[in-house]
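The values are calculated or read from the model by the stated rules, or taken from the named source; none is laboratory data. Since the model is a prediction, treat every value here as computed from it, not as a measurement. No Cβ is skipped: glycine too gets one built from the backbone with ideal geometry, and neighbour counts run over all protein chains shown.
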Amino acid sequence: MGLMNRICKAKIKIISTKFCLILVICFCAFLLASCSISYKFNGSSIDYTKTRSISISDFPNTAELVYPPLSQVFSEKLRDSYTRQTRLQVMSKGGDLHLEGEIVGYQLTPMAISADSYSSQTKLTLTIKVRFSNNKNPQEDFEKTYSAFQTFDSNNNTLNAVQDELIKTMVNDIVDNIYNDTVAKW
């Protein structure tokens with residue numbers, strides 16, 4: 001009887017140890033699955049106690065070659081960037097920060113010539129002049145020209161066929177650079 005008693009107690013002890021180990025593993029797995037660390041590298045240099053708003057004027061298109069929707073696409077993308085990535089109130093005028101400028105270049109440049117003397121690769125370049133004013137810290141004011149380009153195979157595509165996608169990419173690049181220069185300070 002004594003031996004059976006000790007065997008039963010040993011089995012119970014092993015089972016309870018396994019059960020505790022399983023509970024600890026489940027708890028750790030739950031804890032790791034529910035925790036996440038998220039880093040956002042945007043808006044890092046804004047002091048929201050001093051700077052609460054940004055005004056962004058429309059960017060008119062003064063380039064020689066004009067694509068009519070470009071001005072609106074660029075202006076809206078720029079406003080959207082600050083709306084999504086900061087807590088700044090976006091206004092049309094009178095903000096603590098102010099962005100204005102114009103689209104000064106929209107150019108097609110042949111890059112490679114094919115055997116039939118036509119361009120096989122064409123580069124589309126977008127150039128935008130920007131003036132930034134910080135009414136809370138005028139030392140940060142600047143005027144700068146931003147440029148981006150995309151190339152496309154002009155043997156198989158016309159500009160009209162690829163223009164919207166190229167513009168989307170170039171506008172995103174320029175907006176990211178403006179954002180970084182104005183508020184992210186990278």
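Observations
- Here VAL104 fulfils each of the conditions (1) closer than 23 Å to LYS50 by Cα; (2) modelled with pLDDT of 95 or more apart from (1).
- If you check ASN172, ASN177 for being surrounded by fewer than 17 Cβ atoms within 10 Å (Cβ to Cβ) and farther than 18 Å from LEU65 by Cα, only one passes: ASN172.
- SER154 meets all of the listed conditions (1) crowded, with 18+ Cβ neighbours inside 10 Å; (2) under 23 Å from the mean Cα position of the chain (by Cα) but one, namely (2).
- Every condition in (1) within 25 Å of GLN163 (Cα to Cα); (2) exposed (fewer than 14 other Cβ atoms within 10 Å of the Cβ) is met by ILE103 except one, and the failing one is (2).
- Restricting the search to strands (runs of 3 or more DSSP E) fully inside the stretch 74-165 and requiring at least 3 residues that are under 15 Å from ILE178 (Cα atoms) gives 97-113, 119-134, 142-153.
- Residue within the stretch 87-94 that is over 15 Å from VAL171 (Cβ atoms), exposed (fewer than 13 other Cβ atoms within 10 Å of the Cβ) and touching an Asp or Glu at 6+ places or on another chain (Cβ under 6 Å) present: no
- Matching residues in the stretch 132-186 - criterion: being farther than 22 Å from HIS98 by Cβ and of a type in the set (A, V, I, L, M, F, W, C): ALA148, PHE149, PHE152, LEU159, ALA161, VAL162, LEU166, ILE167, MET170
- Positions within the stretch 47-73 being free of Cβ contacts under 8 Å to residues at least 60 places away in the same chain and part of a helix (DSSP H, G or I), in sequence order: SER71, GLN72
- Of everything listed in (1) exposed (fewer than 15 other Cβ atoms within 10 Å of the Cβ); (2) more than 25 Å from the chain's Cα centre (by Cα), the single unmet condition for PRO68 is (2).
- Taken as a whole, the structure places THR51 among residues that are at pLDDT 60 or above, among the β-branched types (Val, Ile, Thr) and either surrounded by 15 or more Cβ atoms within 10 Å (Cβ to Cβ) or closer than 23 Å to ILE178 by Cα (or both).
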